[in-house]
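Structure record follows, encoded as C-alpha cells.
Just so it is clear, none of the values below were taken in a lab; they were calculated from the coordinates. Computed from a predicted structure; not experimentally measured. Quick reminder, even Gly has a Cβ in these numbers, built from the backbone with ideal geometry, and neighbours come from all protein chains shown.
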Amino acid sequence: MLYEFKSKATGNVVMTGPVAERLLGIVGREPSAKGIFTVEQMPEAIAALQAAVERERAESSQTEAEADERTREAMRSVSLAQRAWPLIDMLRTAHAAKQPVTWGV
C-alpha cells in the first residue's frame, strides 16, 4: 500500500506503507487508509518525529563507535531522519500556512 500525504500548502508526499505506518506510529496514530493532521495537531507530531530521529541518531552514533568495519557497512541503510524529513517538512510548511495534511482522501 502507498500513502499519499496531501496539503494545499505543499506538494504531495508519497511513501510506501511500511515507512508511512512507522511514522504514523511514532506520532501516535493508528495506520489507516484515510486520515488528517489538523493544524492544531501538527506541532506535537513534528516534535514526536524529531525526538525519534534524535533518539536514532544517538543510538546509531554509539553503536557505530563500537562497530567494526563490516558492521558499519551494514548500518549504512536509509535512516529514520531521511525517511521522516519529507513529512516533517510538509507538516511545518502546512502548519505555517494553517492548512491540514490529509491522506487517502
| remark: Once both label points are put 7 Å beyond Cα along the C-beta direction, the Lys34-Ser77 separation in nm becomes 3.4 nm
| Full-stretch length increase - Glu59, Val105 - with 0.36 nm per residue and alpha-carbon distance subtracted | 12.9 nm
| query | How large is ³J(HN,Hα), in whole Hz, for each residue of region 3-17 in order, when computed from phi with the Karplus curve 6.51 cos²θ - 1.76 cosθ + 1.60 and θ = phi - 60°, using x for Gly and Pro? | reply | 10, 10, 8, 10, 7, 5, 8, 9, x, 7, 10, 10, 9, 5, x
